[in-house]
Amino acid sequence: MSGFFNHLKTHIFRGLLAIIPIGLSYLVIRFFYLTVDTRITKLIDRWLGFRIPGLGILLVLISLYLLGLVASNWAGRKAFGLLDLVTARIPLIKTVYTLGKQLAEALSLPEKGAFKRVVMVEHFRPGVWSIGFVTAVMRDQKNKEENLVRVFIPTAPNPTTGFVVILRESQVRSLDWSVAEDTRELWVKAIDFNGEEILSFGKFSYPEFKMLRQGEMMFSTSVPYSPSSVFTGDRERQWLYHCLNDKYLIEVYDQKGKLFRKIDRPYEPPAVTSEDVEEFLSRFKDRPDSPFAKMAKEMELPKVKTVTDRMVVDSEGNLWVSTNEEKKEGDKTFTAVEIFDREGFYTARVWLDIFPVLFAAGKMYRAFEDEETGLRQLKRYRVIWK
C-alpha cells in the first residue's frame, strides 16, 4: 500500500513541476501584453485619433526584441547579473525567478544537454573505449562526404561533468542504447568491445548535485553527506561491494552480477554539526566570489551524516568500512573504521587518523604529499591482528 502512495505522490509532484513553467510563461506573457495593450496602445490611439488593429502585439514583439538586444551586450548582462543577486535574497521571489530563468535558459539553448544517441569513443589511447553522448552533428567543409559529431564524454564520480570532443562519424561506434529522459541514474555494468552488455550489477545512486549556469559555463558540486552509492571490489574473488550510505546495509555481488549476501549492522548516524558546516564553507574562503562558493552558501546540508564514503578490501579478503564518526585528539582527527571478515561477519572497530588506499601481502599503503618538497609519496604500514 505504501508503494502505491509513493508512486502517486511522485507522479503528482512531477505533474506539478511540468505545469509550473507553462503557467509562469503564460502569466508573464499575459502581464506583458495587457500592460502594453491597455496603457501604451491607448495613448497612441488617443494621439492618432483612431485605433490600429494588432498594434498591441506589434509593440510587444518590438519590446522583446529591444530587451533581447540589451541582454546580449555587456551592460545588459551586468544589469541582469545584479537582478540575479537581488532576487536571490528574497525567499519566495527567489524560487519563482530561478525556475523561470532555468526555463528561459533551456528554451534559448536547446542543444545544451540534448543527447541524441549513445556511442563508444576510442579515448586516451588506442584500445581504450569510453561511453559518450552525441550532442550535435556538424558538416565538415573540407570533407563534405563525412559529417563531424560533437561528443560529450562524462567523467566519474560526477557524470554531469566531462570532456567535449569533435570526431568524424567513422571514429565513433554507435550503441543500441536509448538515452533516458532522467539521466540521474548510475549503473555498474560489464561491456565488451562490441558494446554488448555482458552483465549488470544493478541500478545505484550517485550524490545530489547543485548546479549553477553562468553564461555559457555550467558548474556543479556535490552536496556533502547526501546519500549515494559507495563501491569497492575484491580482486581475488571478483566480488563487488555496494553500500547506499544512508543505511548501514552492504550488498555483495558475485562475478556473475548476482546479489548473494547482505551485511546489515545497527548504526546511529552522527548529526551534522555547525562545525561541519563551517569546515565545508572554509574550503571556499580563498575563492569567495567563485561559482562554487556561491553554491556552497545557498546549500542546505542534511541533518545527519551518511554511514560511509569509503570502503576497501584488504589482501586477506577483509572489508574495511570508514564511517563518518570522528573524534579529535590534539591536532589529529581519528575516524572509526569497522572491519568485516571474508564471510561478512563483524570483526573489529578501530580508530585511525589515516585510511588505506591499498593492501598487499598483509601490508597497508597510503599515499600522501610531503609538506616540505610537495612530492607525492607512498607510506607502508604493518597490520597486526590480536
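The values are calculated or read from the model by the stated rules, or taken from the named source; none is laboratory data. Keep in mind that this is a model prediction, so the values were computed, not measured. Every residue, glycine among them, receives a Cβ derived from its backbone with ideal geometry; neighbour counts consider all protein chains shown. When the accessible area is computed, the model is the full protein with side chains, heavy atoms only, and any ligands, DNA or RNA have been set aside. Shrake-Rupley method; radii C 1.70, N 1.55, O 1.52, S 1.80 Å.
Among the residues in the stretch 285-308, are any in contact with a Phe, Trp or Tyr (Cβ under 6 Å, 6 or more places away or on another chain) and among the charged types (D, E, K, R)? Yes; the residues of the stretch 285-308 include at least one that is in contact with a Phe, Trp or Tyr (Cβ under 6 Å, 6 or more places away or on another chain) and among the charged types (D, E, K, R).
Quick one: would you say Thr347 is open to solvent by less than 90 Å² (accessible area, probe 1.4 Å), assigned to a strand (DSSP E or B) and either at pLDDT 95 or above or farther than 24 Å from Arg261 by Cα (or both)? Can you show your working first?
Values: open to solvent by less than 90 Å² (accessible area, probe 1.4 Å): yes; assigned to a strand (DSSP E or B): yes; either at pLDDT 95 or above or farther than 24 Å from Arg261 by Cα (or both): no.
Against the criterion (open to solvent by less than 90 Å² (accessible area, probe 1.4 Å), assigned to a strand (DSSP E or B) and either at pLDDT 95 or above or farther than 24 Å from Arg261 by Cα (or both)), Thr347 does not qualify.
Given the options Phe340, Phe334, name the one that is touching a residue at least 12 places away in the same chain (Cβ under 8 Å), aromatic (Phe, Trp, Tyr) and open to solvent by less than 20 Å² (accessible area, probe 1.4 Å). When all the criteria are applied, what remains is Phe340. When the stretch 229-249 is filtered for residues that are farther than 22 Å from Phe359 by Cβ and among the aromatic types (Phe, Trp, Tyr), only Tyr248 remains.
Restricting attention to the stretch 274-327, the residues being free of Cβ contacts under 8 Å to residues at least 40 places away in the same chain, open to solvent by 80 Å² or more (accessible area, probe 1.4 Å) and farther than 23 Å from Lys247 by Cβ number 9. Identify the residue in the stretch 354-374 that is surrounded by fewer than 12 Cβ atoms within 10 Å (Cβ to Cβ) and modelled with pLDDT of 80 or more and, among all such residues, is farthest from Arg235 (Cα to Cα). Checked the stretch 354-374; the qualifying residue farthest from Arg235 (Cα to Cα) is Ala361. Just checking, does the stretch 276-294 include any residue being under 25 Å from the mean Cα position of the chain (by Cα) and part of a strand (DSSP E or B)? No, because not a single residue in the stretch 276-294 is under 25 Å from the mean Cα position of the chain (by Cα) and part of a strand (DSSP E or B).
For Pro270, state whether it is in contact with a strand residue (DSSP E or B) (Cβ under 7 Å, 6 or more places away or on another chain), surrounded by 15 or more Cβ atoms within 10 Å (Cβ to Cβ) and within 23 Å of Glu338 (Cβ to Cβ). Here the answer is yes, as Pro270 does meet what is asked.
With respect to the conditions (1) in a strand (DSSP E or B); (2) over 26 Å from the mean Cα position of the chain (by Cα), Arg237 falls short on a single one, namely (1). The test for being open to solvent by 80 Å² or more (accessible area, probe 1.4 Å), touching a residue at least 12 places away in the same chain (Cβ under 8 Å) and either under 29 Å from Thr232 (Cβ atoms) or touching a strand residue (DSSP E or B) at 6+ places or on another chain (Cβ under 7 Å) (or both) holds for Asp264.
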